Amino acid sequence: MNQIPTQTLDPDQHQRIFTRLITGFYQNIRLLSMYGLLILFFILPFFRYDGRQALWFDIPTQHFYIFGLTFFPQDLFYLAWLLILAAIVLFAVTVFTGRVFCGYACPQTIWTHLYMSVERLFQGPRHQRIRLSKQPMNASKLFKLSATHLVWIVISVATALSFISYVVGTDALYSSLSPVNWLGMGMWLPEISVITWVFFAIFSIATYLNAGFMREQMCFYICPYGRFQSVMLDKDSLIVSYDPARGEPRGKKKLAAEVATGDCIDCSMCVQVCPTGIDIRDGLQMECIQCAACVDACNDIMDKVGSPRGLIRYTTERNLSPSEGATRIFRPKLGVYLIAISLMSCIFIYALLGRVPLEVDVMRDRTTNYRITQGLVENDYLLSISNKTQIADVYDIRVEGNPALTLNSRWGKMPMDAGENFTFPVSVATLQDQAQSNTPFEFVITSSNNPDTQVKRATVFIAPEINGDQS
Ligand code: SF4
Ligand code: SF4
């Protein structure tokens, strides 16, 4: 058996696939997993936390709310770390369980399954759909196709709405509906920006084309993950495989009396149910998304002909080739992934727990080093404070490090809303005869809600040298 999956379908020969509906143990698990995730995708934007959308990536204001946490662009480190961690988890899962993500949780698989179900609802089972596709257009065909595409469009629009509600927010999307007269049609539309409408249109069209037409071609020619699997899978990874030792030579049962045949009766049911249109009996292929539809289909056939189940099954290459020895669950590659995941998770949790929900930046005024007014030397700074909590707070601002320096600002107490970022000028002053140049000191900003939340920022105070300039 070939360990590295190969692409068996010729792109030039690609034909539309009409899959047969199959039920069974693995398809029940898939339905639970896929539609569970689908429902979660649609309802998550409506979850509230502390009076605000719980999961909200507010790109226009650059605030990212994840339940009780608020992130700013400066926190992109956390997101990048999380994405790298997710990628490594995916690699480890693939080494262990093969392409389980593709078959059970990938959005492409989920939406394709949903669109195929709509197709089946209006156009009937596989043989009727094949016949319909060959028929010339007539009233019945027009009705069936129109109904299918109409529901596809509704799902696409709902998907795009849900997707942008993670960015725009459900309040802005659904609470700001106002009457619009568009092309003579009275409609209620949300008051969202033109760019949001553009993204809404792009997502709607992409969903419609992707799940309605591209389907498995997305997996074959665009998604890089299918290609990765050839380097990630090993002989101990779980794969969906046909057992040629048991199945071959394949042939109809009625011939079995005359010719010794294997358990495969060559009914082609495993091919008819395959959403990617491949024949698993040709060996491990890059197009296989491990949905196990062929496993359920073949088990059904085995039950009917009275042979043991498992001619097509989840197994490993080692299990199929006795000369390769027993399948190893723990192996060096998996160990490295597990160590990397544990370390990265610990670092992530440590960084998240130690995260101070207050961001402070101090910038010196670049136009002048100091000012001298009425016997005082003054330095100007720009202070930028971000309240990263989800409740309003008042921040106490003071300077420390040199008792001769005093804060000269009307912003000694800065009230700020939840998630607000504010930049404002402050000045620090000292008596001219006490002024020393390059004096280090710190701005200390403390939360009133939680005095433990305190940030210190070091900077310097500049004064004229004795007999120096008076800029
Ligand atoms: S479903 Fe099973 S018996 Fe039928 S062709 Fe496929 S492998 Fe052979
Ligand atoms: S070969 Fe089987 S497991 Fe692979 S995609 Fe086709 S039906 Fe799914």
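The values are calculated or read from the model by the stated rules, or taken from the named source; none is laboratory data. Computed from a predicted model, the values in this text were never measured in an experiment. We place every Cβ from the backbone using ideal geometry, glycine too, and count neighbours over all the protein chains shown.
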Kindly indicate whether I385 is within 30 Å of T430 (Cβ to Cβ), in contact (Cβ under 8 Å) with a residue 60 or more places away in the chain and not assigned by TED's automatic domain parsing to the domain that holds F64. yes
Taking the options D365, D380, name whichever one is in contact (Cβ under 8 Å) with a residue 60 or more places away in the chain, farther than 30 Å from I66 by Cα and of a type in the set (D, E). D365
Taking the stated definitions as given, is G419 loosely packed, with under 15 Cβ neighbours inside 10 Å and either under 25 Å from Y78 (Cα atoms) or among the aromatic types (F, W, Y) (or both)? no
Looking only at residues that are of a type in the set (S, T, N, Q) and at pLDDT 80 or above in segment 245-273, which one is nearest to ligand 2 (Cβ to nearest atom)? Q272
With the condition being in contact with a Pro (Cβ under 8 Å, 6 or more places away or on another chain) and modelled with pLDDT of 90 or more, I'd like the helices (runs of 4 or more DSSP H) fully within segment 71-143 carrying at least 1 qualifying residues. 107-123
Return yes when T276 is crowded, with 18+ Cβ neighbours inside 10 Å and either away from ligand 2 (no atom under 16 Å from the Cβ) or free of Cβ contacts under 8 Å to residues at least 40 places away in the same chain (or both) and no when it is not. no
Yes or no: segment 117-129 includes at least one residue that is over 18 Å from I22 (Cα atoms), crowded, with 20+ Cβ neighbours inside 10 Å and out of contact with any Asp or Glu (no Cβ under 7 Å at 6 or more places or on another chain). no
Taking the condition of being of a type outside the set (S, T, N, Q) and surrounded by 15 or more Cβ atoms within 10 Å (Cβ to Cβ), how many residues in segment 68-77 meet it? 4
Subset of segment 300-327 [part of a helix (DSSP H, G or I), touching a helix residue (DSSP H, G or I) at 6+ places or on another chain (Cβ under 8 Å) and within 15 Å of ligand 1 (Cβ to nearest atom)]: D300, I301, V305, L320
Sole miss for R281 among (1) in a loop (DSSP other than H, G, I, E, B); (2) charged (D, E, K, R); (3) near ligand 1 (Cβ under 8 Å from one of its atoms) is condition (1)
Considering only segment 216-244, state which residues are more than 14 Å from T97 (Cα to Cα) and modelled with pLDDT of 90 or more. Y242, D243, P244
